[in-house]
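Quick notes on the structure that follows.
The values are calculated or read from the model by the stated rules, or taken from the named source; none is laboratory data. As the structure is a prediction and not an experimental result, all values here were calculated from the model. Virtual Cβ from ideal backbone geometry, glycine too; neighbours counted across all protein chains shown. The accessibility values were calculated without ligands, DNA or RNA, using every heavy atom of the protein model including side chains. Shrake-Rupley method; radii C 1.70, N 1.55, O 1.52, S 1.80 Å.
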Amino acid sequence: MGIFPSTRMRRLRQHDWTRRLVRDESLTVNDLIWSVVVSDTANPVEPIAAMPGVERLSLDALAEAAKEAQELGIPAMAIFPHIDPKLKNDGGTEAFNRDGLVPQAIRVIKDAAPDVGVICDVALDPFTTHGHDGVMDGERIVNDDTVACLVEQALIQAEAGCDVVAPSDMMDGRVGAIRDALEAGGFQNTMILSYAAKYASAFYGPYREAIGSAAALKGDKKTYQMDPANRDEALREVELDIAEGADMVMVKPGMPYLDIVRSLSDNFAVPIVAFQVSGEYAMIEAAAANGWIDGDRAMLESLTCFKRAGASGIITYYARRAAKLLAG
Ligand code: PBG
């Protein structure tokens, strides 16, 4: 049984129709979350050198993008802010400005495209002079004081109309604290997408340029983000975040961490979102620009592989391009 020549694996691969029939996974527009960088500068759009094809969007350009997302059927957008460096300080207090860039961006998307979900990062790094996700005491990122800040930031996002708050800071206990505050504040329906298994990764490099925190960042994030060599720790992180009230959990980066996506999807009955981060985008684009790979094919293949690994959704800078290709 199962021996050549009675078994020939290639029989099922010989036609397009057989390949389609036995296919396990299909990538659709419903799997995509579009990550966009929004900026408070006067320019309509600004290029990001390390991410060719991605631009920082003004609020007006963001409105146009949101309409496009809605037309394409992209379920949600995840927004990341680039603010005027003059607004940054050690405490990242601009994160608590009710009329700051993020609350404005939320309202802009909701006005332009009411069917598009809005996901916001909860973390201080776009707002701090030191580029860390939390508040510092000397060299240390202080956990519990940071959690209090994140709670305030999340409430302001929820008030502005954000559908999903996504704490990306990796402080301990923040999901429970944010959930309690949302419940108490009348935001029972605001969802939490927790960056549960977020690794201290070199693949975030281009993003830090995109939001203007690269030059600022002092040191690294290894005391709060996970060690790339670890596996079981991801299970513990996810277990805790689910217990604290996370509605969805994230693995980040994406492609080098597909084993983690698979292991979480085997172990937990919770939607898993994978983040195809800036460095993954940059790698595909750089190789494609050199003619070394077919960029569109590599992109669609990478997105399909997230599905195969067990992701329900994928945050990607490619969402618009992928949605257009999928629409034919
Ligand atoms: C930080 C944050 C990062 C990203 C999203 N939120 C970077 C970091 O942890 O330094 C990375 C996104 C990307 O690389 O595309 N709160």
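Computed quantities for the displayed model
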{"item": "Amide H within-cut-off set for V38, under 5 Å, with H built and near neighbours excluded", "result": "L57, F80, H82"}
{"item": "Protection-proxy order for peptides 243-250, 171-178, each taking the mean of Cβ atoms within 10 Å per residue, highest first", "result": "171-178, 243-250"}
{"item": "Helix-only [θ]222 nm of the chain, DSSP H runs n ≥ 4, -39500 (n - 2.57) each, per residue, nearest 500", "result": "-11500 deg cm²/dmol"}
{"item": "Solvent exposure of the range 139-247 as accessible area per residue, Å², 1.4 Å probe", "result": "43"}
{"item": "Percent of beta bridges antiparallel (DSSP, the range 26-326, rounded to nearest 5)", "result": "10"}
{"item": "Residue of H132, H15, H82 that the Gaussian network model of the chain assigns the largest fluctuation, springs spanning Cα pairs under 10 Å", "result": "H15"}
{"item": "Farthest positive-ward along the range 26-326 dipole, Cα basis, beta-carbon charges - from N143, Y207, H82", "result": "Y207"}
{"item": "Where Cα atoms sit under 24 Å apart: lysine pairs in the chain separated by 8 or more or lying on different chains", "result": "18"}
{"item": "Sequence of V122, V45 from largest to smallest accessible area, 1.4 Å probe", "result": "V45, V122"}
{"item": "Angle between the chain longest axis and helix 295-309 axis [Cα atoms, degrees, rounded to 10]", "result": "90"}
{"item": "Backbone HN-Hα couplings from phi across the range 162-168 [Karplus 6.51/-1.76/1.60, Hz, Gly and Pro as x]", "result": "5, 7, 10, 9, 10, x, 10"}
{"item": "Long-range amide H partners of V135 with built H, under 5 Å", "result": "V142, T146"}
{"item": "Fraction of accessible area attributable to carbon and sulfur, the range 28-138 (%, probe 1.4 Å)", "result": "52"}
{"item": "Using θ = phi - 60° and Karplus 6.51 cos²θ - 1.76 cosθ + 1.60, couplings along the range 278-290 (whole Hz; Gly, Pro as x)", "result": "3, x, 5, 4, 4, 5, 5, 5, 5, 5, 5, 5, 7"}
